[in-house]
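Trainee: Just dropping this structure here.
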Amino acid sequence: MENLIPADDFCTYYKVEYSFINSLEEYGLIELIRTEKTKFIDINKLHDLEKLVRLHYDLDINLEGIEAITHLLQRVEDMQQEIILLRNKLSLYEQTL
């Protein structure tokens, strides 16, 4: 439980509606960990959740927009990883020549 933050505490600290957190979970954008009555946020996912909160509250982007943005950002990250892999393969190939 050391790496978990109660969702209620997160909402209070960031002045976020609890329903927003639930909506993010329904859209599959975050994963909440449940115990008997309490929902928790993994501290390792806190940065991602803060980003989603800023997109919604600071930039006034709706949940569908946030979903599209996170999907595109994930694709960019995947492509960057693929580029790194291909560069490493190319470098290895060039060394054998």
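The values are calculated or read from the model by the stated rules, or taken from the named source; none is laboratory data. Just so it is clear, the structure is predicted and the values come from calculations on it, not from any experiment. Methodologically, a virtual Cβ is constructed for each residue, glycine included, from the backbone with ideal geometry; neighbour enumeration extends over all protein chains shown.
Trainee: Quick test for you: out of Ile83, Ile66, Ile30, Ile41, pick the one residue that is free of Cβ contacts under 8 Å to residues at least 24 places away in the same chain, surrounded by 16 or more Cβ atoms within 10 Å (Cβ to Cβ) and either farther than 30 Å from Glu2 by Cα or not charged (D, E, K, R) (or both). Spell out the reasoning first.
Mentor: Values: Ile83 fails: surrounded by 16 or more Cβ atoms within 10 Å (Cβ to Cβ); Ile66 fails: free of Cβ contacts under 8 Å to residues at least 24 places away in the same chain; Ile41 fails: free of Cβ contacts under 8 Å to residues at least 24 places away in the same chain.
Going through Ile83, Ile66, Ile30, Ile41 in turn, the sole match is Ile30.
Trainee: Asp60 - would you say it is at positive phi, of a type outside the set (Lys, Arg) and at pLDDT 95 or above?
Mentor: Values: at positive phi: yes; of a type outside the set (Lys, Arg): yes; at pLDDT 95 or above: yes.
So Asp60 passes the test.
Trainee: Between a first residue in the range 46-62 that is touching a residue at least 24 places away in the same chain (Cβ under 8 Å) and a second residue that is β-branched (Val, Ile, Thr) and surrounded by fewer than 16 Cβ atoms within 10 Å (Cβ to Cβ), which pairs have beta carbons less than 7 Å apart while being 6 or more apart in sequence or on different chains?
Mentor: Qualifying pairs under 7 Å: none.
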